[in-house]
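The values are calculated or read from the model by the stated rules, or taken from the named source; none is laboratory data. These numbers come from a predicted model, not from an experiment. Don't worry about glycine lacking a Cβ; one is built from the backbone with ideal geometry, like all the others, and counts go over all protein chains shown. What goes into the accessible areas is simple: the full protein's heavy atoms, side chains included, and nothing from ligands, DNA or RNA. Shrake-Rupley method; radii C 1.70, N 1.55, O 1.52, S 1.80 Å.
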Amino acid sequence: MEPKNSQPGQDNCGSAACATPVLPAAAAPAPPGAQLYRISTMDCSVEESEIRRALEPIVGIRSLSFQLRARTLGIDAPLEVLPAALDAIRKAGFDPQAVPAQAKVDAQGGGVHTDADGHDHEIGGGIGRMALALAFAVAAEATSFLAPETLPWKVAGMAVAAVAIWLAGLDVYKKGMAALLRGKLNINALMAVAVTGAFAIGEWPEAAMVMALYGIAELIEARAVDRARNAIKGLLELAPETALIQTVDGSWVETPVAEVPLEAVVRIRPGERFALDGIIVRGNSAVNQAPVTGESIPVDKAPGDQVFAGTINETGELEFRVTAAASNTTLARIIAAVEQAQGTRAPTQRFVDKFASIYTPTVFLIAVVVAIAAPFLLDLTWPQALYKALVLLVIACPCALVISTPVTVVSGLAAAARRGMLIKGGIYLESARLLKAVAFDKTGTVTEGKPKLVDWKTWGDADQGQAHQLAASLAARSDHPVSKAIAAGLDGERLPVEDFVALPGRGVEATIQGRKLLLCNHRLVHERGLCGPELEALLKSHEEQGRTVTLLAEADRVLALFAVADTIRETSRQAIVDLKALGVVPVMLTGDNAATAKAIAADAGIPDARGDLLPEDKLEAIKEMQKRYGATGMAGDGINDAPALAQSDIGFAMGGAGTDTAMESADVVIMNDNLQRVAETVRLSRRTHAILWQNIVLALGIKGVFFVLAVFGSATMWMAVFADMGASLLVVANGLRLLRGAPLPAASAGASKHPAGDHGHAH
């Protein structure tokens, strides 16, 4: 596995200064402050790769954001670097134009839309133009077969073929000539040379049909690629465009979400979607969070709980206080982060780009050799040899090979995001398959991070009902986390408490119904001389299981004991089983005491548990695991996990309970804190890698078969076009398979995008 810390920048632009932030502050295809340029001749990954190579030597570029559908490029760099970057792009044969101020940028990362020349319009017009080109190509073929062999009919047929080539291949010729003038042999250059040569040697009907079919196949391929690149953008439709907010005088007004201020109170009815992130201030309801976190079961929400834009209010009416602007909601930042991850290149993609840069000129040279040597070696006429060489050029186009990797990687990133896994780049998606071990923090990662009452019993001859009520009444008065857990675990009526006193580091003391009582820890009971051998043994047993024991006592005896523990997440045990099934070794690293660590690890099924670790100890443990096992991942949620997350080959942060520091240090953010997503990431990585290499073998295998047929058999230009574009469409369709099984949550398909004041329902 390549060193992780050098990749983000190199993936984006080749500069060590580059970095892809985890959840950027604004949701747009390009990072905040990046300058946006429209490049009219950039509409596929071939041109994207050429621009990347042109910009690699430029020092200071932080990131590049390509939007091929809109034909725009965002350059995030200091102002003084931009002139050099633009000059390099122009030298590569492209004409970058700054996007005008009136161009509308979607507030939530929907891309750039121009008033007159949007790419959607171009595609729509292209379909009509290609249909007309195909009609002219058919007419040229008919003229060739049916018309008399006279000069007027031949001229007419050539004219019809020329019109077909002009309609279908004008853009190809423009880009092809520009590439040839720069000494570049890309797909457009090869097609321009091949079709022009075929027309020149009298194969004008075939040249027309080839260019028309090529143009149509390009449109089909563009639509398929758009599906992959825009898969995640289906999330944009989840957030309503308006929200019902409370005004100063207490009335409710429907307001565009872009105009809703922070701290505003928003009302949402059952069946509607949340337009913004916020904290509930009134009401109780179940909320379907699947669009953001991937959770399949609605989550109960009450005052004080957090809600996310795009999620669905299922049952009761709620009011919430806005905590993030429309452009900075969790949903918008997920979309922005995935779009930035799409701009990074996976190792296989970098390999393919390098391979194609050698492969294309090599095949062009072979075609030249065939054109020159075939008349001598294969007893062909010069026109026949030239035709065979032109067929080779069409077969050799590297489009299928070059396009195979980005479509697959983008599909994988989108599939992960829909499952609540935010992967920060193609390198991490592809490299997760190499993990041999994963280290887990305990608190908040394997466990809930919240203490719960897990066991209690009376001691001696104390009355159970009375002890229950006394302990609940005392615990309800304390703000200590352990006391809160006891109060939450004991229902029933509370008794009046008098003379309440907190005993720091020991517990609380108070009077209830004239009885002076203690709710305290083991230390205070021991100091008061109330611990006998039998009680000591029971306390030790609980403590060995990682539990915190609190005792209810009077001056002369213990009445009851209450065991509180940080419980294991419901998904943790299955997550460990899943990882072991994949051959990945789980290890626990925690700052908690060794006894607690071993108890929790044993319960979760983790064989190796290491406790009493400081942040620097966790860092050293990761280094040791990397030497022992190889590629090692780390899953954590706290600031103390950040060094280990950064050192690990793949860092997984808990997005729900995790700190910003942990999420910034990690490579994968798990939005719903479900540890099973770690194993899912490994499985998705293995599947992505397999499809990447399937696509490479498909692209090269198909071309290899037709290449041999062209040299030694009777392959025609028609066959060459089907070999090239057929391979392209096959690899695109194969890459899109990653989107299967990870659709937008069912609720999002059934729930329309209701404004806050609409009464529509989600189902």
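When residues in region 494-522 are screened for being loosely packed, with under 12 Cβ neighbours inside 10 Å and outside any strand (DSSP E or B), 4 of them pass. Of all the criteria given as (1) at pLDDT 75 or above; (2) surrounded by fewer than 22 Cβ atoms within 10 Å (Cβ to Cβ); (3) within 36 Å of the chain's Cα centre (by Cα); (4) not hydroxyl-bearing (Ser, Thr, Tyr), the one not satisfied by Leu180 is (3). The residues in region 69-85 that are assigned to a loop (DSSP other than H, G, I, E, B) and either in contact with a Cys (Cβ under 6 Å, 6 or more places away or on another chain) or more than 10 Å from Arg38 (Cα to Cα) (or both) can be counted, and the count is 6.
Let's see how each residue does on (1) polar (S, T, N, Q); (2) open to solvent by less than 70 Å² (accessible area, probe 1.4 Å); (3) within 17 Å of Trp459 (Cα to Cα):
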residue	(1), (2), (3)
Ser473	yes, yes, no
Ala476	no, yes, no
Val482	no, yes, no
Gly492	no, yes, no
Cys531	no, yes, yes
Ser541	yes, yes, yes
Gln545	yes, no, no
Leu552	no, yes, yes
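Applying the selection to region 373-404, what residues are outside any helix (DSSP H, G or I) and β-branched (Val, Ile, Thr)? Listed by number, the list holds a single entry, Thr381. When you look at Val407, is it touching a Pro at 6+ places or on another chain (Cβ under 9 Å) and either open to solvent by less than 10 Å² (accessible area, probe 1.4 Å) or part of a loop (DSSP other than H, G, I, E, B) (or both), yes or no? Answer is no for this residue. Might you let me know whether region 654-675 holds any residue that is at negative phi, modelled with pLDDT of 80 or more and surrounded by fewer than 21 Cβ atoms within 10 Å (Cβ to Cβ)? No, region 654-675 contains no residue that is at negative phi, modelled with pLDDT of 80 or more and surrounded by fewer than 21 Cβ atoms within 10 Å (Cβ to Cβ). Taken over region 259-272, the criterion of being more than 12 Å from Leu244 (Cβ to Cβ) and either among the basic types (Lys, Arg) or assigned to a helix (DSSP H, G or I) (or both) is satisfied by Glu259 alone. In this structure, is Gly412 surrounded by fewer than 23 Cβ atoms within 10 Å (Cβ to Cβ) and either assigned to a helix (DSSP H, G or I) or in contact (Cβ under 8 Å) with a residue 60 or more places away in the chain (or both)? Answer is no for this residue.
Every residue, every condition in (1) at pLDDT 85 or above; (2) surrounded by fewer than 18 Cβ atoms within 10 Å (Cβ to Cβ), yes or no:
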residue	(1), (2)
Arg229	no, no
Leu238	no, no
Ser251	yes, yes
Thr255	yes, no
Ala258	no, yes
Val266	yes, no
Ile280	yes, no
Ser285	yes, no
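Tell me, please, whether a residue that is in contact with a strand residue (DSSP E or B) (Cβ under 6 Å, 6 or more places away or on another chain), of a type in the set (A, V, I, L, M), surrounded by fewer than 20 Cβ atoms within 10 Å (Cβ to Cβ) and not in a strand (DSSP E or B) can be found in region 456-467. Checked region 456-467: at least one residue is in contact with a strand residue (DSSP E or B) (Cβ under 6 Å, 6 or more places away or on another chain), of a type in the set (A, V, I, L, M), surrounded by fewer than 20 Cβ atoms within 10 Å (Cβ to Cβ) and not in a strand (DSSP E or B).
Can you find a residue that is over 30 Å from Val257 (Cβ atoms) and modelled with pLDDT under 70 anywhere in region 92-111? So far as region 92-111 goes, no, none of its residues is over 30 Å from Val257 (Cβ atoms) and modelled with pLDDT under 70. Lys540 satisfies every condition listed in (1) under 22 Å from Gly611 (Cβ atoms); (2) in contact (Cβ under 8 Å) with a residue 40 or more places away in the chain; (3) not in a strand (DSSP E or B) except (2). If you check Val731, Val682, Val705 for being under 26 Å from Met191 (Cβ atoms), open to solvent by less than 30 Å² (accessible area, probe 1.4 Å) and in a helix (DSSP H, G or I), only one passes: Val731.
Gly420 meets all of the listed conditions (1) over 30 Å from Phe652 (Cα atoms); (2) crowded, with 24+ Cβ neighbours inside 10 Å but one, namely (1). Filtered by the rule that a residue be modelled with pLDDT under 90 and of a type in the set (Phe, Trp, Tyr), region 423-458 gives a lone residue, Tyr428. If you go through region 708-732 and keep only what is among the aromatic types (Phe, Trp, Tyr) and over 27 Å from Val409 (Cβ atoms), you end up with Phe712, Trp718. Restricting to region 583-624, count the residues that are in a loop (DSSP other than H, G, I, E, B) and exposed (fewer than 14 other Cβ atoms within 10 Å of the Cβ). The total comes to 5.
Checking each residue in region 554-582 for being within 18 Å of Arg677 (Cβ to Cβ), open to solvent by less than 50 Å² (accessible area, probe 1.4 Å) and not in a helix (DSSP H, G or I) picks out Ile568, Arg569, Thr571, Leu582. For beta carbons closer than 6 Å, sequence separation of 6+ or different chains, a first residue in region 156-176 that is on the phi < 0 side of the Ramachandran plot and a second that is in a helix (DSSP H, G or I) and β-branched (Val, Ile, Thr), the qualifying pairs are Gly157/Thr143.
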